[in-house]
Amino acid sequence: MMSVLGTFFIGLIAGLVARAIKPGDDSMGWIMTAVLGVAGSFLATYAGAAMGLYAPGQVASFIASVIGAIVLLVIYGFLKRNKSE
């Protein structure tokens, strides 16, 4: 239970860091950024641990969470842009 809460809070931070790193003009608010950060964090943390790359809670887990959040932000921006055209 504690690792899930830890991953959640790391995801919030990872989403904000990913938003700062990812270039471009995003019209989504900070709540959607945090939600995508949490989703990217869960995806990256548990996928990396399942593949045996790192254990949850390691620094590599945070870096993977930021990368996962960036990937989800890019995918969300791409889907949103295509939907509006």
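So, in nm, how far is label residue 59 from label residue 9 when the simple model puts each one 7 Å beyond its Cα toward the Cβ?
With each label placed 7 Å out from Cα toward Cβ, I get 2.0 nm.
Between residue 27 and residue 67, with labels modelled 7 Å along Cα→Cβ, what's the label distance in nm to one decimal, could you check?
3.2 nm
If each DSSP helix of 4+ residues adds -39,500 (n - 2.57) and the sum is divided by the residues in the chain, what number results at 222 nm, nearest 500 deg cm²/dmol?
Helix-only estimate at 222 nm: -27500 deg cm²/dmol.
Taking amide H positions as placed 1.01 Å from N in the peptide plane, with prolines and chain starts having none, which residues 5 or more places from residue 54, or on another chain, fall under 5 Å of its amide H?
Amide H neighbours of residue 54, under 5 Å, 5+ apart: 49.
Taking Cα extents along the principal axes in Å straight from the coordinates, which label in (i) 40, 21, 17; (ii) 30, 27, 25; (iii) 41, 22, 21 is the correct one?
(iii)
All of the numbers you see were taken from the coordinates with simple rules; none came from a lab. Treat the numbers as computed from the prediction; the structure is a model and nothing was measured. All Cβ positions, glycine included, derive from the backbone under ideal geometry; neighbour counts span all protein chains shown.
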